[in-house]
Amino acid sequence: MGPSGATPEGGGTEMNEVLYEVRGPKALPEMSWSEVEEVLKTTRIVLVPCGTIEAHGPHLPLNSDNIQADYMCRLMATKLAAEGIHAVTGPVMCFGNNPEKVRFPGTLHFSPGLVQTIMEEICLNLFRYGFDRFAFVMGHGGNASIQDLAAQEVGVKTDGKAKAISLNWLQVTKEVYPKLLKSTKREGHGGEGETSRVLVHHPNLVRREAMVPYYLEEPPAGEEVPYSRSPAYGGGVGGPLRDFRQVTPYGHYGNPSLATVETGHALYDAICDWMNRVVKRDLVD
Ligand SMILES: [Zn+2]
């Protein structure tokens, strides 16, 4: 089996095959307008999942970032409700910025300005109805700096009447991956951690037969990772992106076969608890 993990039968499915189930509190697009009117009596906070459609190795669906961000928002809303705080999950901002992965078929790259505009307009549309507290929940690292700008602009464009924050939980993984993952090597995009999370809600879309371990070369000890935009890996440096197909022929790095549902739940708890601490500090009056 080559890097594609292709199987002879391809991706054909029957109409009665259950690909995935959606659980948890309804998101806004799953409600009728009258349900939204009811929700507005209990909350003004919307959690906006922000992902992308991009390669994550032969074993994970292109939609991985969107479905994780969506799950995070529903879990955050559930956890907040247990504390008597209401928030609702917004529509998924499903298109993102990922020019470095376009050599993997199916990856869709949208220009950063367009992504920012749509993020802002999701909030400005919802502001019309009375929602005025927004959190962009990162599902894709390449959107992180775009989310930050969109959050600022929501305040600017509403003369401060609406408040938006941008949540990037990658720094949480730096803290919890060494404790929660089985791997002792560096797990990243599509690796043990991310595969564990997708297993929680979309197990039928995770292709165990296509899993391969692939590790990046580690930088010499003590040296910063060059060009890292990620706060989890040094951050602080912007720069040209490397063709991801040169970085990894598979589109992921790490060992996805170590992934478990239990690890996925533990990671979601750590990530969402951190994000909720910020939501409570910054968006709850
Ligand atoms: Zn991802």
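Please list, in order along region 65-75, the HN-Hα scalar couplings obtained from phi with the Karplus expression 6.51 cos²θ - 1.76 cosθ + 1.60 (θ = phi - 60°), rounded to whole Hz, x for Gly and Pro.
5, 5, 6, 5, 4, 5, 4, 4, 5, 5, 5
Just the Cα atoms of region 161-202, one point each, no solvent: what log10 I(q)/I(0) does Debye give at q = 0.21, 0.31 Å⁻¹?
Listed by q, the Debye log ratios stand at -0.73, -1.18.
How much net charge surrounds MET31 when only the other residues with a Cβ under 11 Å from the Cβ of MET31 are counted, with Lys and Arg +1 and Asp and Glu -1?
Local net charge: -3.
Taking H placed 1.01 Å from N in the peptide plane, check which residues at least 5 places from SER183 or on another chain put their amide H under 5 Å from its amide H.
none
Probe radius 1.4 Å, ligands and nucleic acids ignored: give me the carbon and sulfur share of the accessible area of the chain as a rounded percent.
The C+S portion of the solvent-accessible surface of the chain is 55 percent.
What ³J(HN,Hα) values, in whole Hz, does the Karplus curve 6.51 cos²θ - 1.76 cosθ + 1.60 give for region 45-60 when θ = phi - 60°, with x put for Gly and Pro?
9, 10, 9, 9, x, 10, x, 6, 10, 7, 4, 9, x, x, 9, 10
At 1.4 Å probe radius, can you tell me the per residue accessible area of region 13-120 in Å²?
Counting only protein heavy atoms, the per-residue value for region 13-120 is 47 Å².
Using only helices, what value at 222 nm comes out for the chain when you add -39,500 (n - 2.57) per DSSP H run of length 4 or more and divide by the total residues, to the nearest 500 deg cm²/dmol?
Value at 222 nm, helices only, nearest 500: -11500 deg cm²/dmol.
The values are calculated or read from the model by the stated rules, or taken from the named source; none is laboratory data. As the structure is a prediction and not an experimental result, all values here were calculated from the model. Note that each Cβ is placed from the backbone with ideal geometry, even for glycine, and that neighbours are counted across all protein chains shown. In case anyone asks, the SASA skips ligands and DNA or RNA and just uses the protein heavy atoms, side chains included. Shrake-Rupley method; radii C 1.70, N 1.55, O 1.52, S 1.80 Å.
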